[in-house]
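Quick notes on the structure that follows.
The values are calculated or read from the model by the stated rules, or taken from the named source; none is laboratory data. Since the structure is predicted, the reported quantities are computational estimates derived from the model, not experimental observations. Positions of Cβ are backbone-derived with ideal geometry, glycine not excepted, and every protein chain shown enters the neighbour counts. Please note that ligands, DNA and RNA were not included when accessible areas were found on the heavy atoms of the full protein model with its side chains. Shrake-Rupley method; radii C 1.70, N 1.55, O 1.52, S 1.80 Å.
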Amino acid sequence: MTTYQKTSLSRPKDQAMIAGVCAGLARRFDMKPTTVRILFLLSCLLPGPQFVAYIVLWALIPKS
């Protein structure tokens, strides 16, 4: 079992799959990165600007 340290919002290089946004959000809110990725993919089934939000977060969240 891996423990995640609650830190400020940043995109980790070691856990990034695409840009590290989901891994950064998971680290910040003390969740597993896989859970956040699955939630994001499920949210893409709903109407809305999920991909735009992902790109905006990619631009705004600094790398760690």
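Carbon and sulfur: what percent of the chain's accessible surface (1.4 Å probe)? Don't skip to the end; give the middle numbers.
Working: 3180 of 4740 Å².
Here carbon and sulfur together make up 67 percent of the probe-accessible area.
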Task: Amide H within-cut-off set for R11, under 5 Å, with H built and near neighbours excluded - done: K63, S64
TODO: Could you point to the residue in P47, A23, S10 farthest towards the positive end of the chain's charge dipole, with +1 and -1 charges on the Cβ of Lys/Arg and Asp/Glu respectively?
DONE: S10
Open item on the list: Of the listed values (i) 13.6; (ii) 12.0; (iii) 11.2, identify the label whose number matches Kirkwood radius over Cα pairs in Å calculated from this model.
Closed with: (ii)
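May I ask you to give the solvent-accessible area per residue for the chain, in square angstrom, as obtained with a 1.4 angstrom probe?
Values: 4740 Å² over 64 residues.
Each residue of the chain exposes 74 Å² on average to a 1.4 Å probe.
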Task: Gain in span if fully extended, L60 to M17, counting 0.36 nm per residue against the direct Cα distance - done: 13.7 nm
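Assigning unit charges at the beta carbon (Lys, Arg +1; Asp, Glu -1) and nothing else, what dipole magnitude in debye, to the nearest 20, does the chain show about its Cα centre? Working shown, then result.
Numbers: 8 positive and 2 negative charges, 29 e Å.
It works out to roughly 140 debye.
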